[in-house]
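So the structure is just underneath, and the comments pick up after that.
Taken together, the values in this text are just the output of simple stated rules run on the coordinates, not laboratory data. Everything quoted here is computed from the prediction, not taken from an experiment. Cβ coordinates were reconstructed from backbone atoms using ideal geometry, including for glycine residues, and neighbour counts include every protein chain displayed.
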Amino acid sequence: MFVDDRLIYSYDGNIDNRRISIIGLINHFVRLEEEDEGKVLSIEMIGNLPKSSGQFHDVYFGNRTAQIRQLFGYDGISFIIGIFLIIISLITALIASRSLRNGRLYHSTLALGAIELCVGLWACGGSMSTQLFIRNQLFLVVLAMTALYMLPVCVTWFVISMYSIPKPRCFMIAVLFFPIAFVVVSALQLLGMITYITVATPVGILLFIYMLTLIGAVMYAYRRGEKNAKPFLIATGFLLASIVGELTLLILPHRTFINIQPFNIGVLIFGSILYSQILALGVNYLEERGRKEYLQSLAYTDALTGLGNRRAFDEELIRLAKSGSDQKDLGVVMFDVNNLKQINDDFGHAEGDLVLKQIGELLSSLYGAFAKLYRIGGDEFALVCEQCSQKKMAEIKRSFSEATTGKPFTLAFGSALSSMDSPDSIDVLFKIADRRMYQHKKMMKYDSHHKSSPIPSSIDMVEGTR
């Protein structure tokens, strides 16, 4: 490129002189200085070898903003769709890992996200607009080729996870050809023996044949009663139609904005259909899981107080025993409501239930932030606190005494701490707390008969009466 016969830019396009042989379109950005205004600009291309490209595409003049607008006007939609698909794929993976966790739907959703990621990378890698941000053509070509070779793997993963096709293991083995081929072709290109473009046609044919075989397997499953496969067949129909349409338009002598739209439209329709199916299945899955969790919560929750029930308490003790938590600072506190039967007899069961509910709310407000609470019997409650130090246990006793002073009901309590009581097992720790609770209850009855009802500030006072 010359300004008044002064060389300002040159580029050697001979593929033999490149360290890594790549063929493709390259955007060249040449800055013209203000002093070049009014001078003669000439562009010269010398095609001295058969492997030279031998042609120019459109030449645009203007500031950088105008050049960006010009490129985006040509194939910017491909770049935008590619970025959109990449973002959607990442969101899909996040939702699957957070909400679905595992199972068939989890793998199907991850596979669909991987498909969208491959298509998005392919669209971005093949868009000239991407070169506005990534000038390294080698990186873009490798990016696009990686997506192309991995696409059949992701589609196969989705199909096998989603539908019951015949011979799924055979498809999983066969599809490994494409990533292995990518590694081999990449190695041969680094050695300068072949390029990605050299094998593009045979690989494309093999990919087309494999995809037709996979679609045939899904169609076979659909005919055998796999009605869930219908959306996939419709989606792939749109995708194949878009590919045929784009290839047809590319035969036209002039490439226009319209030429690159069929594939973009097909990709969006393909993804929309499959996402709608995944969304419907996901909603059903979450609703079913919600129902199961609700029913499970009913099985482990005391309906009156909202605390855990005896079943939940027993299973918690089993879990702690298996985890070896009896060797840590584990605290257990037992509570028992005094004279609940008398309250029921004098004021009715509704009043007794209200007392139990108030006690549950009181315990939750005091200890719910750091301990697990249970109603394990008609008038008995339990507290389990992991990592419970002696200081925290003393605070539990103090806050309990303060909170129950002046209440219309009284509770007996007993505590046990593994770091102090050194029990042989979790069950023994529970029995120690339970025994101390009954000792406290007897002492409170004795004090009541002698017209004194103080609640000891420490369980040590109870232990001293043994």
Within segment 79-108, report the trypsin sites (Lys or Arg not before Pro) that DSSP leaves as loop and that have at most 16 other Cβ atoms within 10 Å.
-> ARG101
Neighbour-count ranking for THR195, THR130 (other C-beta within 10 angstrom, fewest to most) reads THR195, THR130
Assertion target for ARG436, ARG319, ARG31, ordered by fewest C-beta neighbours within 10 angstrom first, is ARG31, ARG319, ARG436
Span from the segment 215-246 Cα centroid across to the segment 391-447 one, whole angstrom = 67 Å
Treating every alpha carbon of segment 72-294 as one equal point scatterer without solvent, the Debye formula yields log10 I(q)/I(0) values at q = 0.07, 0.09, 0.16 Å⁻¹ of -0.24, -0.40, -1.21
